[in-house]
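Rule-based calculations on the coordinates, nothing more; no lab input. Just so it is clear, the model here is predicted, and its values are computed rather than measured. Neighbour counts run over all protein chains shown; Cβ positions are idealised from the backbone, glycine included.
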Amino acid sequence: MKIHEYQAKDLLRRYDVPVLKGKVVFSAEEAGRIAHEEFISQGSKVIVVKSQIHAGGRGKGTIYDVNTGNEMQVEGKTVKGVNVLVGGNVADKAFQYAGAMLGNKLITIQTGEAGSIVRRMLIEDGCSIAKEYYASILLDRTCGKNIIMVSTEGGMEIEKVAEETPERIIKEHVDPKIGFQDFQARRLAFGLGLSGDAFKSFIPFIKKLVNAYYELDCSMLEINPLVLTTDNKFVALDAKINFDDNAIYRHPEFIDLRDIDEEDPLEVEASKFDLNYIKLDGNVGCMVNGAGLAMATMDMIQNAGGSPANFLDVGGGANVERISNAFRIMMSDPNVKAVLINIFGGIVRCDKVADGIITALKNVKVDVPVIVRLDGTNAVEGLATLKNSGMDFKVAANFEEAANLVAAVFA
């Protein structure tokens, strides 16, 4: 589960992680008023207006008019996803920039050409930056430990840094038995080349960040950029948090932080039925039980000349209701030109799956070829049920035959 920057910073404040003063706004009028009342009148000389979407690269992204597709401009300047306002009547500028940003489309390197509509903005104090760094914490699945990564290359995509200059990424794994240690914090600071007051500021900063990561049950916490101010204080200038979905039950209050406008509508619908669904750009709908089998199925579709339209794991409970909902969601995607059902009967029995498929197709209109491959417990009985149903299934006996039937659809 992802949340917005302003929400992430609100949570980090609870753990005393240094962040700048900020306020979320939802309209141009509110932006102008808040900028004046809570920033300019309180002595702020510089404020920053930041679009709030679930994508990175906002500072380099451009705002486009949602109706005309033209770049939005204020005072002859192209409006970006993040804009620094200084000089003149800053409150008026906040009003103008908010009017140009809210309700329009932001295109960044992560959103692609489709972009994302800006529905909320963060107004934040400016600060005097001496240097930008990078910091993140996430689970390293290769060793089953959380990993802390820092770099001197702040403000850049960490993937690019890892590819071009991997030596500039300093890493520390955290032993779950003993937790994050002081010597590891110092080693990270030395790795960044810090000394003096900057060193002294970084140590408590990274320890508080690690504590927040664990207490919030994050799956990822990224600060990019992490800035060192001119008075040698570390501040989280940006913050990105993803929660571990399996731990949400411990934090029911986090559900209110979800912004479904930032999620694909079909994925939102699937989540209502506990279906593991991710929409993709292809033309073959996939219904599979088990994440590993789903990945293999998508590879098979690709090799056969098709392209997967979704990742859909119905899990061990592939009953009539789940299969019906899965079909309905898949068929809501106009790009789907064929459906491949690939079920291995382990926990679930294939004959029960076959009954569920037949019943589901009586309730959901499916007007594209349906290819079914069943294997495992009671697979023979399940395949016989499908063949005797009178419905127009294409039944595959194995993986290879299923691939050939997919290829035939697009021949």
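Worth a mention:
- On the basis of the beta-carbon distance and an R0 of 22 Å, GLU164 and LEU138 show a calculated FRET efficiency of 0.60.
- Those residues of region 47-65 whose amide nitrogen sits under 20 Å from the label point placed on GLU157, 7 Å along Cα→Cβ: 51-64
- At full extension, PHE273 and ALA291 could sit 4.8 nm farther apart than now, given 0.36 nm per residue minus the alpha carbon distance.
- Förster radius 51 Å - calculated FRET efficiency between ASN89 and ASP259 (Cβ-Cβ, nearest 0.05): 0.95
- Under 14 Å from the Cα of LYS365 - aspartates and glutamates, other chains or at least 8 residues apart: ASP333, ASP392
- Taking every C-alpha pair closer than 8 Å and separated by at least 6 residues, the mean separation divided by the residue count of region 265-409 gives a relative contact order of 23 percent.
- Annotation note: trypsin sites (Lys or Arg not before Pro) in region 84-145 located in DSSP loop regions with a Cβ neighbour count of at most 13 within 10 Å are ARG141.
- Taking other Cβ atoms within 10 Å as a rough exposure proxy, ILE248, ILE323 sort from fewest to most as ILE248, ILE323.
- In the chain, the longest principal axis of the Cα atoms and the axis of helix 350-363 are about 80 degrees apart.
- In this Cβ point-charge picture (+1 for Lys and Arg, -1 for Asp and Glu), region 211-262 has a dipole of about 240 debye about its Cα centre.
- Using a Förster distance of 22 Å, the FRET efficiency for ASN211-GLU38 (Cβ separation, nearest 0.05): 0.15
- Note, ³J(HN,Hα) from phi for region 229-240, Karplus 6.51, -1.76, 1.60, rounded to Hz, x at Gly and Pro: 6, 5, 9, 6, 10, 8, 9, 7, 6, 9, 8, 10
- Alpha carbon centroid spacing (whole Å) that separates region 160-200 from region 258-322: 38
- Comparing Cα centroids, region 1-48 and region 131-155 end up 26 angstrom apart.
- Additional length obtainable on full extension of the chain from ASP367 to LYS21, 0.36 nm per residue less Cα span: 119.1 nm
- Across region 21-125, Cα pairs under 8 Å and at least six residues apart give a relative contact order of 43 percent.
- Label of the coordinate-derived value, Cα extents along the principal axes in Å, listed as (1) 78, 55, 40; (2) 70, 44, 38; (3) 78, 49, 38: (1)
- The ranking of ILE169, ILE109 from fewest to most other beta carbons within 10 Å of each one's beta carbon is ILE109, ILE169.
- Relative contact order of the chain: 12 percent, from C-alpha pairs under 8 Å at least 6 residues apart in sequence.
- Applying a DSSP loop filter and a limit of 15 other Cβ atoms within 10 Å to the GluC sites (Glu not before Pro) in region 26-93 leaves GLU75.
- Across LYS60/LYS200; LYS2/LYS105; LYS21/LYS105; LYS131/LYS171; LYS131/LYS160, pairs whose alpha-carbon gap is larger than 29 Å: LYS60/LYS200
- Estimated 222 nm signal from helices in the chain, with DSSP H stretches of n ≥ 4 weighted -39500 (n - 2.57), rounded to 500: -9500 deg cm²/dmol
- Simple rule: put +1 on each Lys or Arg Cβ and -1 on each Asp or Glu Cβ in the chain, find the dipole, and look at ILE34, GLY315, PHE95; the Cα lying farthest toward the positive end is ILE34.
- Here region 265-409 carries DSSP beta bridges of which approximately 20% are antiparallel, counting only pairs with both residues inside.
- Each part gets one Cα centre, and for region 332-411 versus region 52-92 those centres are 49 Å apart.
- Among the GluC sites (Glu not before Pro) in region 131-215, none sits in a DSSP loop with a Cβ that has at most 12 other Cβ atoms within 10 Å.
- Share antiparallel - DSSP beta bridges, the chain, percent rounded to 5: 75
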